[in-house]
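Any read-out appearing in this document is the output of simple, stated calculations on the displayed coordinates, not a laboratory observation. The model shown is predicted, which means the values in this text are computed figures rather than measured ones. When we count neighbours, we look across all protein chains shown, and the Cβ atoms used for this are built from the backbone with ideal geometry, even at glycine.
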Amino acid sequence: MENTLFTISEFAKISGINRKNLIYYDSIGLLRPEVIAENGYRYYSYRQIEQSYVILTLKTLDIPLEEIKQYLLRRSPAHGLELFKEQLGYFKQKIDYLHHINDFLENRIKAIDESAAAPLNTPLLEKRSPETYYISTAKADPQNAYDTDELTAFYDELLAVNAFVNYNFGLLYTFDQPVASPQINSSHYLLLTTEPRVQYATRIKPSGNYLVYYHKGDFTHFNIAFEALVRYAREHQIHLNQEAFYEILIDELVSTDSHHQICKLSIHVQH
């Protein structure tokens, strides 16, 4: 059996490596036929089945063909241990990234569903679960949410610590306790994160009841939304905390026009 030779078609079936790849592996010196006949036909030996198994296994581990070629020349438990530890670290990073992608997709689906069901331009009370946000260290301009320099600085801060930045973007406004005309004291950029995986400043939006206002359009409509909530709270004797979370649910990722984007302003209701 060990002296048996297989044609390239037979070896492709046995090894699981298709004919095209076998020809390519031959050209780069990764897996050469045991025999090349005078007519140019390729023949592979029984012992090369083991070699093909090694190649397929290492390919599954995302190891480049050139590295596989070098590894085949120096296979040993020591070199195997070194290689496997290296790939373990690689896959842990990949798994973490895929967790981020999963969180992002779930969050986007949730945001679209929420915006589709939300009544627009009407204050309402909602019970919310806690949420965590990255918060910019520098203050944002409360009159210009799209200040390019400040916004770029915030994203640069997050990217510097490898934070995944494709979640709901928004602003956190702090204001004086509304009596007649509440005054905005400061604002910071926010980015929703389902599970902070990096060391960066965060803010917890606590669970509880929130006075919420959904509207079409971008952040330039903040004053309209804020005044509507303050007026509603005053009319219904609702006491508000001094932080307003302003988020965009439908953004440029799923909308071609800022007029069709949807934002949500929410303020925690005091007990």
- Could you give the distance between the Cα centres of the stretch 17-41 and the stretch 65-88, to the whole Å? 23 Å
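Taking Cα pairs under 8 Å and at least six residues apart, what relative contact order does the chain come out at, in percent?
17 percent
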- Item | Loop sites in the stretch 183-255: GluC sites (Glu not before Pro), DSSP, at most 14 other Cβ within 10 Å | E252
- Message: Please list, by residue number, every one of the trypsin sites (Lys or Arg not before Pro) in the stretch 58-130 that is coil in DSSP and has at most 15 other beta-carbon atoms within 10 Å.
- Response: R74, R75
- Loop-resident sites, the stretch 1-99, for GluC sites (Glu not before Pro), counting at most 11 other Cβ within 10 Å (DSSP): E2, E38
- Between helix 77-117 and the chain: long-axis angle, C-alpha atoms, 0 to 90°, nearest 10: 40 degrees
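Can you compute the helix-only [θ] at 222 nm over the chain? Use -39500 (n - 2.57) per DSSP H run of at least 4 residues, normalise by all residues, nearest 500 deg cm²/dmol.
It comes out at -13000 deg cm²/dmol, rounded to the nearest 500.
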- Could you let me know the centre-to-centre spacing of the stretch 116-172 and the stretch 201-225, using Cα atoms, in angstrom? 10 Å
- Which of the residue pairs K59/K85; K110/K264; K92/K205; K205/K264; K110/K216 have a Cα-Cα distance greater than 19 Å in the structure shown? K92/K205
- Note on the structure: When the charge dipole of the chain is computed with +1 on Lys and Arg Cβ and -1 on Asp and Glu Cβ about the Cα centre, the Cα farthest towards its positive end, among S45, A118, L72, belongs to S45
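Report the equivalent ellipsoid semi-axes for the stretch 97-269 in whole Å, largest first, defined as the square roots of five times the eigenvalues of the gyration tensor built from alpha carbon atoms. Can you show the working numbers first?
Values: eigenvalues 124, 66, 50 Å².
For the stretch 97-269, the ellipsoid semi-axes come out as 25, 18, 16 Å.
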- Message: Rounded to the nearest 20 debye, what is the charge dipole size of the stretch 192-271 about its Cα centre when +1 sits on each Lys and Arg Cβ and -1 on each Asp and Glu Cβ?
- Response: 280 debye
